[in-house]
């Protein structure tokens, strides 16, 4: 094909292949154990798979309503009330999306305009900043305080100004596994009082919280909920990230704007999957028992790693464990992650990839959403270093 030589000005000039794609490709090339990309290494419930097949056979294979199957939205409204005492109208305040990333992109695109500032806590998941920049906004970075990755609320007050339009929260937090507490959300509530600042709360790991902690959703705080867009993920909850199904809960005024964007990105989401989830969500144990399921895996991996030269504290939530290699190598975290994949046969993600300035604290992220024998084999390899 002839080469197209017209000048193209990239809207995202700094963006190339993500570190997740790079490390997964390297893992495949060297037949390494892939603890890099955040997806479960086991199948979802057979009952849920059978439900999808049931609704396919029933002929529910055409477009779903733009906002989502009503029965599923009603199930989410009931769940939000049961868990967080938050009342949502499924008709006007709940939207089913093609995964949480699409929900986040749609919300930012709909609500952020040129010149708006959005505060992002770093390290952060990599989809936030590109969405802000594509919307014409400016990301303002606030570093979480190491080693526990907590929010500096006094520092936050200093960067909030008349241009601040939104603050993005993520708890349980990817990549660090940190969790915000009730004090954090009360502090945020005080800072935002009397302002028009919105909150985008990424809560996709809401059911993966450990050691008796309770997930603190913004939905528990009515004043915050009234200005918040809250994003959830069925894929993280039900071990089927490839189905790309999420949800966004927000007040009607915000939902109206988000749906304007949503309808022109995907219009609607996989129909039989939505019907299956609407039925399966009635099985509350499937998500209420998730904490214990993943805590067992965290404990197994962390205990096995105690014999290694890596250091760290057990993750408070998510299915990611951070481990420091400061006592092992002076290499950058990106170079060491690649070296570890090639020489030791275990793939991870360098945490510098989650910082806008590539801050390198010699820390790697390992995903423990894998079969027990895979985690033990990976730990065995890492303990040989």
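The values are calculated or read from the model by the stated rules, or taken from the named source; none is laboratory data. Quick caveat: nothing in here was measured; it's all calculated off a predicted structure. As a convention, Cβ positions derive from the backbone with ideal geometry for all residues, glycine included, and neighbour counts pool all protein chains shown.
Miscellaneous remarks
- Any hit, the range 259-273, residues being modelled with pLDDT of 95 or more, surrounded by fewer than 21 Cβ atoms within 10 Å (Cβ to Cβ) and either under 28 Å from residue 210 (Cβ atoms) or touching a strand residue (DSSP E or B) at 6+ places or on another chain (Cβ under 7 Å) (or both): yes
- In the condition set (1) buried (at least 23 other Cβ atoms within 10 Å of the Cβ); (2) farther than 21 Å from residue 23 by Cβ, residue 325 is compliant with all but (2).
- Residues within the range 68-85 that are touching a strand residue (DSSP E or B) at 6+ places or on another chain (Cβ under 8 Å) and under 18 Å from residue 228 (Cβ atoms), tallied: 4
- Residue that is surrounded by the most Cβ atoms within 10 Å (Cβ to Cβ), among those in the range 144-156 that are without any contact (Cβ under 8 Å) to a residue 60 or more places away in the chain and within 29 Å of residue 21 (Cβ to Cβ): 149
- Count of the range 213-232 residues which are surrounded by fewer than 24 Cβ atoms within 10 Å (Cβ to Cβ) and under 23 Å from residue 369 (Cβ atoms): 4
- Just so you know, in the range 288-310 the residues that are under 22 Å from residue 146 (Cβ atoms) and crowded, with 17+ Cβ neighbours inside 10 Å include one that is farthest from the chain's Cα centre (by Cα), and it is 308.
- Matching residues in the range 213-233 - criterion: being closer than 18 Å to residue 285 by Cα and either touching a helix residue (DSSP H, G or I) at 6+ places or on another chain (Cβ under 6 Å) or in a helix (DSSP H, G or I) (or both): 233
- Being crowded, with 23+ Cβ neighbours inside 10 Å and in the same structural domain as residue 247 (by TED's automatic domain parsing) holds for only one residue in 96, 159, 140, and it is 96.
- When residues in the range 162-182 are screened for being more than 17 Å from residue 132 (Cα to Cα) and either assigned by TED's automatic domain parsing to the domain that holds residue 355 or out of contact with any helix residue (DSSP H, G or I) (no Cβ under 9 Å at 6 or more places or on another chain) (or both), 6 of them pass.
- Any chance residue 103 is in contact with a strand residue (DSSP E or B) (Cβ under 8 Å, 6 or more places away or on another chain) and without any contact (Cβ under 8 Å) to a residue 24 or more places away in the chain: no
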